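What follows is calculated from the coordinates using simple rules that are stated; it is not laboratory data. For clarity, every value in this text was computed on a predicted model and none was experimentally measured. Reconstructed Cβ throughout: ideal geometry from the backbone, glycine too, with neighbour counts over all protein chains shown.
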Amino acid sequence: MKGTAVPASMAAIVVDDVSKWYRGWPLLRRRRTAARSGTVALEGVSFTVHEGETVGLLGPNGAGKTTLLKIIATLLHVSAGRVLIHGCDVRDDPLRARRLIGLVTSDERSFYWRLTGRQNLAFFAALYRLPARSLTERVAELLDVTGLTGAADRSFHTYSSGMKQRLAIARGFLADPRIVLYDEPTRSLDPLNAATIRDWIAASRTRSPHTTHLIATNQLHEAEALCSRAVIINRGSVIACGTFDEIRERWRGRDYVVHRVTYRGPIVDGRWEGAPRSGLIEIHEERRDAHTRTLRVSAIDGSDALSLMLAAVLNGGGTVLRCETEQVPFDEVFCGLVDRAAAASVTNREAECSLSR
Amino acid sequence: MMLAWAFFRRDAIIAYSYRVSFVAQLLGNLLVLGLFYYVGRAIGSAPLPAFAPYGGSFVAFLLIGIALTDCVGVSLVSFAAQIREAQTTGTLEATVMSPVRLPLILIYSSLWNYFMCGVRFVLYLVIGSRLYGIDMSRGNFGSALLIFLLTVLCFMGVGILWAGIVMLVKRGESVMTAGASLVLLVSGVLFPVDLLPHWLRTIGDLVPLTHALEGMRLALLKGASAADLADTLMALGSFAIVLLTLGIGSFEGAVSIAKHTGSLTQY
């Protein structure tokens, strides 16, 4: 992805070799490389989001997702590299970039608690220079779409968390932006409200198919449900980028699936004849009660592992009660990628330490 | 204009929502008048030589000093206070995200404070002149308004500069208090600057408030016209241009530093 030449007209967001580090005050700077010292928040991040795409920005806590989002939103300066928003460099022309961007944060403090929902939206709409008549209509429309019309004239501080988050989404869409950035839009919401927010985001993609969405989240199921692609960041670097299937395949080198088999009968543990060459990757017990067991079987897609496993159950006198097959949960792929990247980072640091001695 | 109105309306609604504080603040300002009423009675109504250039009345001298200094205080404090409040309440990020330059956001955010400052200024003069029997019938209110506006512009620049410093250092109330005390000492707020030693008068000449107070007193108490106050108006105009340019430039520099260090929304 680094240095990829993408026509500006095709790309909504171009992140080109972006790095961000925080240096201490010169007197306190520790001696490291001449290029950077202090904390490295992002290093050599590059990816492109095309117009109309919904891309997930994933990573564990502290990976650099929010930092990257703030750079795109012109709230932070890059230390190196550049970000283009529909061809506009966010550093050179931040005002023009901001006209194209809406930001949805999960920080409920970002509203005026003494104003009503309607007054809050009207104020922020005025910042985007919406004409008076269309401002009122736009505010009313967004309140209606987010289901807040009934509470529009109540003070913000009376809103529940879900209502506050819906108002945050409404604010993000006030100026009908070409790009919407989401910073963990369902953080700290209960499952019902989180589902409502996800449904709204999904519906907004249908309403405005040319709007580009970049969603920073560590809710992997949410990312899979909403996004067509993912960029996974860990410790400031991109460790994977592509569709979810591509990332799965790259992680393991081939397709593999997870079977869940619930059965009643003698224990089957994978040590059956032919198991080593069957395509079985791993097997472990997921649940057990007085009469039944559920095994989670990871195997190469299309291999004999499932057939042999079921045969082992039946030949042992057991009864198969349920069998479900699914792709590898993205949580597992994500954790594997992060662990692998962390291990590589430790190895690199050890190598650096040994070289420096 | 719509944008300015949006900020004004926002702050008016918020101020009014804290009704007790709103009323108490107004009452407090009016009680200050009562305080100086009795100070004036203690001093007596006979003209004092030190205040002869201004008609001889200590209370009239003091009233105008207090009224104008209140506006200076608003300028010095409110910009930094707006930044700090936006940082602590979490609204700064959402506001900075908009396609409006931050210095403009800062200026518009001060409109309500300046409006209330103007209201207090008028109240001080109207009520105070009635209470103390000060004759302002000869006052040149056009000149007074010009001086008021130029004073606001001068200290707006200082306030914006200070807001940039507060954005980086986060807290600076003690420094501003020290600065305000120096201004009170050398500008002639409570007593004529002629009473000061020469070196303090020199420092006072570098403070816009010194010129503003002189001009305002002459305009309201002696009816001085804009032509009579040409030197004062030129001095204030020059201060305003330099301080606003310096203030806005420094503030934008501070914002850039904050965006580099990631401290824009920290407090």
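Given R₀ = 22 Å, FRET efficiency for residue B:252-residue B:149 by Cβ-Cβ distance, to 0.05? Could you put the intermediate results ahead of the total?
Working: r = 24 Å, r/R0 = 1.08.
Plugging the Cβ-Cβ distance into 1/(1 + (r/R0)^6) gives 0.40.
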Q: Using only atoms on other chains, find how many Cβ atoms lie within 10 Å of each Cβ of peptide B:96-106 and report the average.
A: 5
Q. So, in nm, how far is label residue A:95 from label residue B:184 when the simple model puts each one 7 Å beyond its Cα toward the Cβ?
A. 4.0 nm
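Going by average Cβ neighbours within 10 Å, how do the peptides A:73-79, B:150-156 rank, with the highest at the top? Provide the component values of the computation, followed by the final result.
Details: A:73-79: 22.0, B:150-156: 23.9.
Most protected by this proxy first, the peptides run B:150-156, A:73-79.
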Q. For chain A, what's the relative contact order in percent, using C-alpha pairs closer than 8 Å and at least 6 residues apart?
A. 17 percent
Q. In a shell of Cβ-Cβ distance under 13 Å around residue A:12, excluding residue A:12 itself, what net charge do Lys and Arg (+1) and Asp and Glu (-1) give?
A. 0
Q) Could you name the aspartates and glutamates in cross-link range of residue A:20, using Cα to Cα under 15 Å and dropping any fewer than eight places away on the same chain? A) A:43
Q. Quick one: if you take sqrt(5λ) for each eigenvalue of the C-alpha gyration tensor of the stretch B:2-261, what semi-axes come out, biggest first, whole angstrom?
A. 33, 21, 17
Q) Can you give the helix-only mean residue ellipticity at 222 nm for the protein assembly as shown, where every DSSP H stretch with n ≥ 4 adds -39500 (n - 2.57) and the sum goes over all residues, rounded to the nearest 500 deg cm²/dmol? A) -17500 deg cm²/dmol
Q: List the relative contact order of chain B as a percent without decimals, with contacts defined as Cα pairs under 8 Å and 6+ residues apart.
A: 28 percent
Q | Positive minus negative residues near residue B:138 (Lys, Arg vs Asp, Glu; Cβ under 14 Å) | A | 0
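For the stretch A:133-209, state which trypsin sites (Lys or Arg not before Pro) are in a DSSP loop and have at most 16 other beta carbons lying within 10 Å of their beta carbon. Mind showing how you got there, number by number?
Values: sites: A:133, A:138, A:154, A:164, A:166, A:171, A:178, A:187, A:198, A:205, A:207; in loops: A:154, A:178, A:187.
Hits after loop and neighbour filter: A:154, A:187.
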Q | Nearest-ten-degree value, helix B:111-132 long axis tilted from longest Cα axis of chain B | A | 10 degrees
Q.
Calculate the FRET efficiency for residue A:203 and residue B:42 from the Cβ-Cβ distance with a Förster distance of 60 Å, rounded to the nearest 0.05.
A. 0.25
Q | Over the protein assembly as shown, equivalent-ellipsoid semi-axes from the Cα gyration tensor in Å | A | 66, 26, 21
Q: Mind pulling the angle between the C-alpha long axis of helix B:230-261 and the longest principal axis of chain B? Nearest 10 degrees, somewhere in 0 to 90.
A: 20 degrees
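Rank these for me by crowding, A:158, A:262, going from fewest to most other beta carbons within 10 Å.
Numbers: A:158 11, A:262 16.
In increasing order of surrounding Cβ atoms, one gets A:158, A:262.
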**Q.** trypsin sites (Lys or Arg not before Pro) within the stretch B:113-215, DSSP loop, no more than 12 other Cβ atoms inside 10 Å
**A.** B:138, B:171
